[in-house]
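Chemist: Take this structure first; my questions come after.
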Amino acid sequence: MKRVGALAAIVAATLIVGCGPKGPAAVDAKRIERAAAGEWLSYGRTYDEQRFSPLDKVNRENVGTLGLAWYAEFDTDRGQEATPLMVDGVLYTTTAWSKVYAFDAKTGEKKWEFDPKVPGDRGFAACCDVVNRGVAVWEGKVFVGTLDGRLIALDAATGTEKWSVVTVDQAKPYTITMAPRVVQGNVLIGNSGGEYGVRGYLTAYDAATGDKKWRFYMTPNAEGKADGEISDAIFAEKANATWSDGAWKQSGGGGTPWDAIAYDPALNSIFVGVGNGAPWNHRIRSGGVGDNLFLSSILALDATTGAYKWHYQTTPGETWDYTATQHIMLADITVGGKPRKVLMQAPKNGFFYVLDRTTGELISADPYIPMAPEADTPAGVPISWSTGVVGENGRPIENPSARYANGPALISPAPFGAHNWQPMAFNPTEGLVFIPVTTVGALAQVYGDDPNFQYRNGGWNTGISMNLGDLPNDEAQRAALKAMLRGRLVAWDPVARKARWSVELPSFWNAGLLSTAGGLVFQGAAEGQFHAYDAADGKKLWSYDTTNGIIAAPMTYAIDGEQYVVVMVGFGGAGALSAAAFLPDRPRLPGRIMVFKLGGAAQAAAYDIPPRAAIDLAGVSSRASVAQGRSLFNANCLVCHSANASGGYLPDLRRSAMIRAPETFRSVVIDGALQANGMASFSRYLNAGQAEAIRAYLITEARRQQGLDTAAARQQTKK
Ligand code: CA
C-alpha cells in the first residue's frame, strides 16, 4: 500500500469514528445491546439485566490471588446500594444521599463529584434508608434520580448539570432510590413511598432535553378522572374495576415501581416491577375487595409509547407488603424441549416465577423458601401466606389465616420479603439464577389490623399494628430468635424448578450478586466479608474482609487486559434500620468503593471505630407513661430506630445522651435540631407530651440495656 493510501485509510477511520457520538460515555442503544465484554453500561450490565459478565480472566483457578487494586472513601456512613457503571475507562457510581462520583477506572483517580444537595429532612420519607442504586449513561450524559424526586442529567466529562426535572409532587412523601434506565433515548424513572402513601408511576423523559414523553400510573385516579396519560385506557378497561372504596383514595394506593426495569428490543417491550399497596392492609385500603391492579404486578409496556401490553399479578389483593419490584431478568432458555423467551423474578412473596415475556403466560411458579398448607404447620411455627401452589389460573392458593381477618397472625415472609431489592445474577452455562434469599421462612411478622388507623398525611400508613412487632423482653428469647434468622444464597434451576445448591449465610440481610464467565459468583456479607463462590457447586473460593458491611451488588470490567471486580461497601437499607437486633452489632462506618484485581496489593486504611459511649442515667427519669411511649415509638420511630430501640445502625437511642433531659429530646423530636442529618421534626405527628412519653419508654429500654451491659461485663470479668 502506498503511503497516501495508508493516510487515506487513517483519515477514513477517523471519519467513521467521528460519525458516532463523541466524548466520554457516548453510549447508545447499539452499544448497550452489543455490550462489549469489558464494560458495564446499564444497571444490570445489559438490557436483559442478567448481571453476567463474559470476563473470565479472574476465574475458579486463580481467584484466590484477588487483591485490592484501589479504593476510595465517601463522606457518608449510610447504606451503599449502587452498582457502578464502567464506560470508556470511567467508573460512575452513586452513594447514599444521591451523590454521584466519576473515577478513572484503572487508577482510581477521582475525576469529578456531584452533590444534588438533597434536603436532610427528606430522609423522613425514605422507608428504607437514604440509599441510591446508581446512574444511567447515554450520549455523553450521566443520569441520577435523587431522594427528593428529581431526575438530573450531568455532563459525563465534567459532572456539571445539563438539565434537571422534578418528577414527583414534592409536597408528598415520594422518594427515588432506583437507578434510571435509558431506552430508545428515553430516561425511565419510577418512585418509592408506598409505606407512606403515594400513587406510583413510571415516567419517560427525553434524554437530550428532559422533556416528559409519557407516564404510566400503577393505581387508579382517586377522583375517578382520566389522567391524560398512556395508562388511562387500561384503567378504564380493566384496572379501575379491581378497586373498591377504602383508604387508597387518600393514600394514592401505592404501587410504586421503585427498582426493576428490563428491556427487550426485539419485542419492543419494557418490563416493570410494581410495588405493594398503600396502606398495606387490603381491608383498610380497598374494603378487602378486589385484586387492586397493578399492585404487586409485573407489567409489560410498549417501549416506545408506554402503552399497556400485558401484566401478571404475583399477589392479588396484596395485604403483606409483598412487592413485585424485585429484580426482573430476561433470558432465552429451553423449557420442555422448546426454546422460550422468558422473564424471571423472585419477588418478596417467596415464589420464583418464569413467564413467557412475549405473551405474559405463566410457565412456572415454585416456592424458593419453604411453604406449606396451614393444616400441616406445627403450632408456634409461622404460617406461610400461601400453600406453595399457584393454580392453573395463575393465582396463588392462600392459607386460611393468611389475611389475618380473625385476629393477628404470624405470617411468613415478613415485609422484608423472602428476597428484597438485592439483585440476582444469571449463569447461562450452568443454567442457574442465583438468588440472595433474605429469609428462610423463619423471619415472619405478626400481621394484624391497626384498630386506631387514621390516615396521616406524609406519615407511615400501613394499616397494620406496629405494636405487634415488639421483641420479647427476655434476652434468651431474643438470642433464640436471632439464631433462627439466616440468609441463604440459592442457585436456582429455572428449568428443573428447584435449587441445585445453596449456601447458608449467618445474617438474614444479604448483599446483591455478580456472576462471571470465570465460573464465579460474588457476594458481600452483612459481616463485611466479600466472597467468591464456585458457580457450579457453591464452594467458597475467596474472601476479603472489608471490616464494614456490604449490601450492594458487585460488578466487573476490564481495561488493558486486566479484569477488575468492584463492590460498594457500606451497611444499611431496610433490614439494617428496622431489625438491627438480628444483625451484626457494629458502628456505622463510612462507605467505600473497593476495586480488586489479580495480585492487587493495595492496603485499605483501618477504619477509625468510635468507642461506644455509655450514658449516665443517674437521676434521669420521666413521669410520662411508658406504655404510651412504647405505642408511639412503634408507630413513629421503629422503622428507622429498630424494634425496641435495639438498633445500633441509626443512632441507638438507648445509648443517646439525648434521652437524658426532656428539653434536649424535645429539641430534636419536636424542634428538628438534627433535621440536616435526616432526623426530621415530628411536630406534625407528636406533641411535647407524646415526645416525653417516648423518652420515658427509651429510658426504660436504656436501663434494661445497661443492666444487660453490666451483666455482660461481669461475665467477661469472671472469664
Ligand atoms: Ca414496601
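The values are calculated or read from the model by the stated rules, or taken from the named source; none is laboratory data. If you're wondering where the values come from, they're calculated on a predicted model, not measured in any experiment. When we count neighbours, we look across all protein chains shown, and the Cβ atoms used for this are built from the backbone with ideal geometry, even at glycine. Areas reflect the complete protein model, heavy atoms only, side chains present, ligands, DNA and RNA absent. Shrake-Rupley method; radii C 1.70, N 1.55, O 1.52, S 1.80 Å.
Chemist: Could you order the peptides 635-645, 40-50 from most to least packed, using the average number of other C-beta atoms within 10 Å per residue? Intermediate values should be presented prior to the final figure.
Modeler: Numbers: 635-645: 22.5, 40-50: 25.3.
Highest to lowest by the protection proxy: 40-50, 635-645.
Chemist: Quick one: net charge of Val165's neighbours, Cβ under 9 Å, K/R +1, D/E -1? Could you put the intermediate results ahead of the total?
Modeler: On the way: positive: Arg150, Lys212; negative: Asp211.
Around Val165, the surrounding residues sum to +1.
Chemist: Are there GluC sites (Glu not before Pro) in the range 91-147 that DSSP marks as loop and that have at most 13 other Cβ atoms within 10 Å, and which are they? Could the numbers behind the result be given before it?
Modeler: Working: sites: Glu109, Glu113, Glu139; in loops: Glu109, Glu139.
Here the sparse-neighbourhood loop sites are Glu109.
Chemist: Separate question: What FRET efficiency, computed as 1/(1 + (r/R0)^6) with R0 = 56 Å and r the Cβ-Cβ distance, is obtained for Thr547 and Ala688, rounded to the nearest 0.05? Mind showing how you got there, number by number?
Modeler: Numbers: r = 42 Å, r/R0 = 0.75.
Using R0 = 56 Å, I get an efficiency of 0.85.
Chemist: Something else: Straight-line reach from Lys539: which lysines have Cα under 23 Å away, leaving out those fewer than 8 places along the same chain?
Modeler: Correct list for Lys539: Lys57, Lys498, Lys597.
Chemist: Quick one: pull the percent of accessible area on the range 626-718 belonging to carbon and sulfur, 1.4 Å probe, ligands and nucleic acids left out.
Modeler: Values: 2270 of 4050 Å².
C and S fraction of accessible area: 56 percent.
Chemist: Would you be so kind as to identify which of Thr516, Pro84, Ile699 lies farthest towards the positive end of the dipole of the chain, taking Lys and Arg as +1 and Asp and Glu as -1 on Cβ and the Cα centre as origin?
Modeler: Ile699
Chemist: Which FRET efficiency value, to the nearest 0.05, do you get for Ala37 and Leu708 by plugging their Cβ-Cβ distance into 1/(1 + (r/R0)^6) with R0 = 35 Å? Could the numbers behind the result be given before it?
Modeler: Details: r = 53 Å, r/R0 = 1.53.
In this case the efficiency is close to 0.05.
Chemist: For the pair Glu374/Tyr455, report the inter-label distance in nm, with labels modelled 7 Å from Cα in the Cβ direction.
Modeler: Going by the 7 Å Cα→Cβ label model, 3.0 nm.
Chemist: Follow-up. Tell me, what is the percent relative contact order of the chain, built from C-alpha pairs under 8 Å that lie six or more residues apart?
Modeler: Numbers: 1883 pairs, mean separation 94.1, N = 719.
Relative contact order, the chain: 13 percent.
Chemist: If you place +1 on the Cβ of every Lys and Arg and -1 on the Cβ of every Asp and Glu, how big does the dipole about the Cα centre of the chain come out, in debye to the nearest 20? Before the final figure, lay out each step's value.
Modeler: Values: 68 positive and 69 negative charges, 143 e Å.
Roughly 680 debye for the chain.
Chemist: Among the lysines, which fall within straight-line cross-link reach of Lys249, defined as a Cα-Cα distance under 24 Å, with same-chain neighbours fewer than 8 residues apart omitted?
Modeler: Within the straight-line limit of under 24 Å, Lys249 reaches these lysines: Lys172, Lys225, Lys238.
Chemist: Give me a comma-separated list of calculated 3J(HN,Hα) values for the range 98-108, in order, Karplus coefficients 6.51, -1.76, 1.60 applied at θ = phi - 60°, integers in Hz, x for any Gly or Pro.
Modeler: For the range 98-108, the Karplus curve yields 6, 7, 10, 10, 10, 10, 5, 5, 8, 9, x Hz.
Chemist: Now for a different question. 5 Å is the cut-off here: which amide hydrogens, built 1.01 Å from N in the peptide plane, fall below it relative to Trp163, excluding neighbours closer than 5 in sequence?
Modeler: For Trp163, whose amide H was placed from the backbone, the distant partners under 5 Å are Ala153.
Chemist: For a Förster distance of 56 Å, can you work out the FRET efficiency between the beta-carbons of Val495 and Ala618, rounded to the nearest 0.05? Intermediate values should be presented prior to the final figure.
Modeler: Values: r = 66 Å, r/R0 = 1.17.
Rounded to the nearest 0.05, the efficiency is 0.30.
Chemist: Averaged per residue, what accessible area in Å² does the chain show with a 1.4 Å probe, protein chains only?
Modeler: Numbers: 25970 Å² over 719 residues.
With the other protein chains kept in place, the chain gives 36 Å² per residue.
Chemist: Just need the relative contact order of the range 626-718 here, percent rounded to a whole number, with Cα pairs under 8 Å and 6+ apart. Walk me through the numbers on the way to the answer.
Modeler: Numbers: 95 pairs, mean separation 31.1, N = 93.
The normalised contact order for the range 626-718 reaches 33 percent.
Chemist: At 1.4 Å probe size, with the rest of the protein present, what percent of the exposed accessible area of the range 180-270 is carbon and sulfur atoms? Walk me through the numbers before you get to the answer.
Modeler: On the way: 1350 of 2880 Å².
The C+S portion of the solvent-accessible surface of the range 180-270 is 47 percent.
Chemist: Under a plain spin-label model, where a point goes 7 Å from the Cα along Cα-to-Cβ, how far apart in nm are Thr158 and Glu504?
Modeler: Going from the Thr158 label point to the Glu504 one covers 5.7 nm.
Chemist: Does the range 577-719 come out rounded, prolate or oblate by the C-alpha gyration tensor, with a ≥ b ≥ c the root eigenvalues, rounded set by a/c under 1.5 and, if not, prolate when a/b is larger than b/c and oblate if not?
Modeler: On the way: a/c = 2.42, a/b = 1.50, b/c = 1.61.
Because a/c hits 1.5 or more and a/b fails to exceed b/c, the range 577-719 counts as oblate.
Chemist: For the range 521-587, what's the relative contact order in percent, using C-alpha pairs closer than 8 Å and at least 6 residues apart?
Modeler: Values: 107 pairs, mean separation 17.3, N = 67.
Relative contact order comes out at 26 percent.
Chemist: Where the only charges are on Cβ atoms (+1 Lys, Arg; -1 Asp, Glu), what is the dipole of the range 526-594 about its Cα centre, to the nearest 20 debye?
Modeler: For the range 526-594, the charge dipole is close to 260 debye.
Chemist: Something else: For the chain, place one equal point scatterer on every Cα, skip the solvent, and apply the Debye formula. What is log10 of I(q)/I(0) at q = 0.05, 0.10, 0.11 Å⁻¹?
Modeler: One equal scatterer on each Cα of the chain leads to -0.23, -0.95, -1.17.
Chemist: Using label points projected 7 Å from each Cα along Cα→Cβ, tell me how many nm separate Asn406 and Gln477, to one decimal.
Modeler: My value for the distance between the label points is 2.5 nm.
Chemist: Step through the residues of the range 493-498 one at a time and calculate ³J(HN,Hα) from phi using the Karplus curve (6.51 cos²θ - 1.76 cosθ + 1.60, θ = phi - 60°), rounding each to whole Hz and writing x for Gly and Pro.
Modeler: Here the 3J(HN,Hα) series is 9, x, 8, 6, 6, 7 Hz.
Chemist: Length gain on complete extension for the stretch Ala233 to Glu663, per 0.36 nm per residue less the alpha carbon to alpha carbon distance? Could the numbers behind the result be given before it?
Modeler: On the way: separation 430, 0.36 × 430 = 154.80 nm, distance 5.52 nm.
Stretched fully, the Ala233-Glu663 segment lengthens by 149.3 nm.
Chemist: Which ³J(HN,Hα) values, rounded to whole Hz and listed in residue order, are derived for the range 249-257 from phi using the Karplus coefficients 6.51, -1.76 and 1.60 in 6.51 cos²θ - 1.76 cosθ + 1.60 with θ = phi - 60°, glycine and proline given as x?
Modeler: Each residue of the range 249-257 in turn: 5, 8, 8, x, x, x, x, 6, x Hz.
Chemist: Please give me the summed charge of the neighbours of Val595: other residues whose Cβ is under 14 Å from its Cβ, Lys and Arg +1, Asp and Glu -1.
Modeler: Working: positive: Lys106, Lys110, Arg592, Lys597; negative: Glu73, Asp104, Glu109, Glu562.
That sum, taken over residues with Cβ under 14 Å, equals 0.
Chemist: Could you name the aspartates and glutamates whose alpha carbon sits less than 17 Å from that of Lys348, not counting residues in the same chain fewer than 8 places away?
Modeler: Glu195, Asp259, Glu318, Asp321, Asp366, Glu398
Chemist: Turning to a different aspect of this structure: Once every DSSP H run of n ≥ 4 in the chain is given -39500 (n - 2.57) and the sum is divided by its residues, what mean residue ellipticity at 222 nm do you get, rounded to the nearest 500 deg cm²/dmol? Mind dumping the intermediate values first?
Modeler: Working: 10 runs with 102 residues, N = 719.
Helix contribution divided over all residues of the chain: -4000 deg cm²/dmol.
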